[in-house]
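For reference, the structure discussed in these notes is given below.
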């Protein structure tokens, strides 16, 4: 902050020097004394110099004094006061065109720190047509602060397109906002640019796979992970598990099941009871009950878990496989599943089975 203020003070001093012919000598001396004292950290002397200066209302001198008071308050960390003084200087209409541009930018910086996002937009939006990087950055942050990422997006895209060597942070922003807005193809496009810059960074490959997973393209996500693996990059089990969990969090159980099955089949993830249970539950949530049962039944056989047998029973009964379901209930009961649950499911299954049998007998007569 001090380096920034020093550069701003030097700019202000240049403006004062250029206007020496039109500034009242007493005010000019006060401005120079205040600037020198402020650079030395002597804020009390700077304030006394400004307080002692007199200026006509509506004059250039008054605007310059307001501006100097603003920089002094800024240097002391009094941002709200600095904003008030600089606002007055800008609103006076007495500053030249170059100074107005500088003060708008400085006011935008201060307002952003104070989270006055609407004011940042008000100050800088008129300049965005040919704006430099910092103006675009401030506007992007302000729109984000307002919860309007869609307005920030075109500014960031314009900057990156005009500056192919833009910092990675711009690309990361484009990836994140497009993903937030569910514009997954665009997010993937920018992520591929990041990957082209960092082809040996496993995080970039994982992020690309995550975006493809969020888009419901489990096949492309799996292909991305396999391609990274072929390059010699390795992912931790936790990283791959998180990708799978992401599918569940996004309400995409079918895609999650396909991705998890692919990771297990390809050896990218080791088989475990927890992953097999997750695979079965994913298929169940995706209403692929036969696939879920095909995963959970062998697991129940191996572990002897009453809870797993109860899940197998439910899956079979939901498909009206009454005998298989009742047999699984018996296994669940024998393995210690809660008797109340077993009894409830058995009563329902036997009732449904009798109903079906009665219907078949009635249809024969």
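Bear in mind these aren't lab numbers, they're just calculated from the coordinates by the rules spelled out. If you're wondering where the values come from, they're calculated on a predicted model, not measured in any experiment. Positions of Cβ are backbone-derived with ideal geometry, glycine not excepted, and every protein chain shown enters the neighbour counts.
Listed values, structure above:
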quantity: Estimated Rh, the range 131-190: Kirkwood, alpha-carbon pairs, angstrom; calculated: 11.4 Å
quantity: Least to most buried among 85, 254 (fewest other Cβ within 10 Å first); calculated: 254, 85
quantity: Reference-scaled alpha-carbon Rg (2.2 N^0.38 Å with N residues) for the range 307-365; calculated: 1.21
quantity: The range 307-365, relative contact order in percent, only Cα pairs under 8 angstrom and at least six apart counted; calculated: 30 percent
quantity: 20 Å binning of all Cα-Cα separations within the chain, expressed as whole percents from 0 upward; calculated: 22, 30, 24, 16, 7, 1
quantity: Per-selection Rg to Rh, the range 200-287 - Cα, Kirkwood hydrodynamic radius; calculated: 0.94
quantity: Neighbour-count ranking [beta-carbon atoms within 10 angstrom, fewest first] of 173, 355; calculated: 355, 173
quantity: Distance between the range 107-186 and the range 304-365 - C-alpha centres, whole angstrom; calculated: 59 Å
quantity: Ratio of the Cα radius of gyration of the range 27-134 to 2.2 N^0.38 Å, where N counts its residues; calculated: 1.09
quantity: FRET E, pair residue 348, residue 239, Förster distance 41 Å, beta-carbon r, rounded to 0.05; calculated: 0.45
quantity: For 157, 316, 350, order by how many other beta-carbon atoms lie within 10 Å, fewest first; calculated: 350, 157, 316
quantity: Solvent-free Debye scattering, log10 I(q)/I(0), computed from the Cα coordinates of the range 206-365 at q = 0.12, 0.17 Å⁻¹; calculated: -0.61, -0.93
quantity: Net length gained if the chain between residue 201 and residue 97 were fully extended (0.36 nm per residue, minus Cα distance); calculated: 32.7 nm
